[in-house]
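The values are calculated or read from the model by the stated rules, or taken from the named source; none is laboratory data. Given the structure is predicted, the values throughout are model-derived calculations rather than measurements. A quick note on method: Cβ atoms are made from the backbone with ideal geometry, for glycine too, and the neighbour counts reach across all protein chains shown.
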Amino acid sequence: MATIIDVAKLAGVSQGTASNVLNGKGNVSSEKIRAVEEAARRLGYTINERARILRKGSGNIICVIVPSMENRNYRDFYYCLKNYAEVRGFIVELLVTNNNRKSEYDMLQRAKAVMAFGVAAVTCMNQEECREAYAGFENLCFVERHGAEHYPYFGFDYELAGKRIAEKVISEDFHRIAVITDPCAFPMSMISAEDCAAGSVVEK
């Protein structure tokens, strides 16, 4: 099996230069890059991706955690992030939890195993669970549903939407109204659990 020393010798460069080229580091001339890549190809040398990740401390994988892909909002979010990230050299891995906390925890172990560069999650955990489960991720954001405190959150302003809807209902003098929402246990819901129990909303 060819080694990086073999690649460097065939390319006519130092071992350090060959290492820089194969690991995408350092300031190396285009001529030497071509020579190293050609030598690696001829020798059948492949980079140990796991070893490279360990040296860097993180990979180029972004994990996207969503409850399902049936919801159009989640699909749009995933494909937009995927398209944006991939043209910048990242790999986007989709992890689907089916709104199951245990499944989400397992997905996070997967993200840790691949040493993901970042995680974007639509969580089904509460804040306390998130604080524990997502500990250790530096590049982390929550989408649509609030997760652990002090992490970036991106989502729809449900409070403002609720106010605008209420204003419309009052101005039009409606009397019978049904509110259809995700399960109220999720932190993004603007309807209280007490309202659910009282039967004032219909969950989908």
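Structure values in brief
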quantity: Number of positions in the stretch 135-152 that are more than 21 Å from F90 (Cα to Cα) and surrounded by 14 or more Cβ atoms within 10 Å (Cβ to Cβ); calculated: 6
quantity: Residues that are modelled with pLDDT of 85 or more and of a type in the set (A, V, I, L, M, F, W, C), drawn from the stretch 34-47; calculated: A35, V36, A39, A40, L43
quantity: Residue satisfying all of: in the stretch 67-107; assigned to a helix (DSSP H, G or I) and aromatic (F, W, Y); nearest to the chain's Cα centre (by Cα) among these; calculated: Y78
quantity: Test result for R110, in a loop (DSSP other than H, G, I, E, B) and out of contact with any Cys (no Cβ under 6 Å at 6 or more places or on another chain); calculated: no
quantity: Residue within the stretch 91-105 that is surrounded by fewer than 17 Cβ atoms within 10 Å (Cβ to Cβ) and either within 16 Å of A148 (Cβ to Cβ) or in contact with a Pro (Cβ under 6 Å, 6 or more places away or on another chain) (or both) present; calculated: yes
quantity: Some residue of the stretch 158-181 being surrounded by 11 or more Cβ atoms within 10 Å (Cβ to Cβ), aromatic (F, W, Y) and either modelled with pLDDT under 50 or not in a helix (DSSP H, G or I) (or both); calculated: no
